[in-house]
1. Hey, any hits in the range 142-161 for a residue that's closer than 19 Å to residue 39 by Cβ, within 12 Å of the ligand (Cβ to nearest atom) and either in a strand (DSSP E or B) or open to solvent by 80 Å² or more (accessible area, probe 1.4 Å) (or both)?
2. Considering each of 49, 44 in turn, give the residue that is of a type in the set (Phe, Trp, Tyr), farther than 25 Å from residue 197 by Cβ and open to solvent by 50 Å² or more (accessible area, probe 1.4 Å).
3. Return the pairs, sorted by first residue and then second, in which the second residue is within 15 Å of the ligand (Cβ to nearest atom), the first residue lies in the range 43-56 and is among the small types (Gly, Ala, Ser), the beta carbons are less than 8 Å apart, and the residues are 6+ apart or on different chains.
4. Assuming residue 25 fulfils every condition listed in (1) away from the ligand (no atom under 13 Å from the Cβ); (2) crowded, with 22+ Cβ neighbours inside 10 Å apart from one, which condition is it?
5. Take residue 209 and tell me if it is within 15 Å of the ligand (Cβ to nearest atom) and at pLDDT below 95.
6. Would you mention how many residues in the range 1-22 are surrounded by 17 or more Cβ atoms within 10 Å (Cβ to Cβ) and either in contact with a strand residue (DSSP E or B) (Cβ under 9 Å, 6 or more places away or on another chain) or of a type in the set (Val, Ile, Thr) (or both)?
7. Which of the residues that make up the range 92-109 are within 13 Å of the ligand (Cβ to nearest atom) and of a type outside the set (Asp, Glu)?
8. Scan the range 119-135 and give yes if some residue there is open to solvent by less than 40 Å² (accessible area, probe 1.4 Å), in contact with a Lys or Arg (Cβ under 6 Å, 6 or more places away or on another chain), among the hydrophobic types (A, V, I, L, M, F, W, C) and more than 10 Å from the ligand (Cβ to nearest atom), otherwise no.
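The values are calculated or read from the model by the stated rules, or taken from the named source; none is laboratory data. Bear in mind the structure is a predicted one, so any value in this text is a computation, not a measurement. Every residue, glycine among them, receives a Cβ derived from its backbone with ideal geometry; neighbour counts consider all protein chains shown. These accessible areas exclude ligands, DNA and RNA; they are computed on the full protein's heavy atoms, side chains included. Shrake-Rupley method; radii C 1.70, N 1.55, O 1.52, S 1.80 Å.
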Amino acid sequence: MHEEAAYRRKIMVESQLVARGISDRRVIEAFLRVPRHLFVPKEYEDLAYQDSPLPIGSGQTISQPYIVALMLELLELREDHKVLEIGTGSGYQTALLAELVSEVYSIERIPELLDEARERLRHLGYTNVFLFAGDGSKGLPEFAPYDRIIVSACARRIYEVWIEELKDGGLIVLPLEDKRGQNLIRACKRGEKLIIENHGGCVFVPLIEENQ
Ligand code: SAM
């Protein structure tokens, strides 16, 4: 399985990521290393390297590999970065981040998913990942500021607390919903200003606030 999975990852990277324009070498290498099949329920293991999201339980999904790669590329990650991730889910993207930066702080609102993600990440030996149960729309002030923030569920606004917790010059990448649908947004904090770019349509599960 080990060699076969590595081969399937290589095909996934070439046909789904590189073929669609992902070019950040470090992102590509992280995708080649992280075993996606260990982040999906057993019954989906055979589908783990397909070009699609997959169910992970509790009505949630592990995102399509390409959209994860695009978000990671847009974040322009460096080895010394400290990153806040909102929506741990299966922990797959958390593992990719852990390969790319020095510290990953990740929040998940569904305790069962968080426990499973913690076990997978522990089993794979990641020591630079710190997981928290809670509502990511409230941020994680204890460890702020962050160089980068990534939100992996669709928000209806960019919460003020996220911007407060981002370093000056830092980037946040998130799916954002308005009346016309969801778009992948990258915003850069420049002093009091937020410079916003739209990177096109996307489909994510909604970000759910505690009081919803
Ligand atoms: N990137 C994840 C992966 O690799 O498996 C997939 C994330 S999944 C698309 C979105 C996750 O965000 C779900 O696990 C969901 O429970 C979580 N979520 C939704 N609202 C949240 C909130 N307010 N705070 C923290 N996590 C939240």
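1. Of the residues in the range 142-161, the ones closer than 19 Å to residue 39 by Cβ are 150-153.
Narrowing the set further to residues that are within 12 Å of the ligand (Cβ to nearest atom) leaves 150-153.
Applying the additional criterion that residues be either in a strand (DSSP E or B) or open to solvent by 80 Å² or more (accessible area, probe 1.4 Å) (or both) yields 150-151.
Within the range 142-161 (the criterion being closer than 19 Å to residue 39 by Cβ, within 12 Å of the ligand (Cβ to nearest atom) and either in a strand (DSSP E or B) or open to solvent by 80 Å² or more (accessible area, probe 1.4 Å) (or both)), the answer is yes, since at least one residue qualifies.
2. Matching residue, one of 49, 44: 44.
3. As it stands, the answer is 48/36; 48/37; 48/39; 48/40; 48/54; 52/64, since those pairs meet every condition given.
4. (2)
5. On the way: within 15 Å of the ligand (Cβ to nearest atom): yes; at pLDDT below 95: yes.
Yes, satisfied.
6. Final tally of qualifying residues: 2.
7. 92, 93, 94, 95, 96, 97, 98, 104, 105, 106, 107, 109, listed by residue number.
8. Filtering the range 119-135 down to residues open to solvent by less than 40 Å² (accessible area, probe 1.4 Å) leaves 121, 128-129, 131, 134-135.
Narrowing further to those that are in contact with a Lys or Arg (Cβ under 6 Å, 6 or more places away or on another chain): 131, 135.
Add one more test, that the residue is among the hydrophobic types (A, V, I, L, M, F, W, C), and what stays is 131.
From the residues that got through so far, the ones that are more than 10 Å from the ligand (Cβ to nearest atom) too are 131.
Within the range 119-135, one or more residues are open to solvent by less than 40 Å² (accessible area, probe 1.4 Å), in contact with a Lys or Arg (Cβ under 6 Å, 6 or more places away or on another chain), among the hydrophobic types (A, V, I, L, M, F, W, C) and more than 10 Å from the ligand (Cβ to nearest atom).
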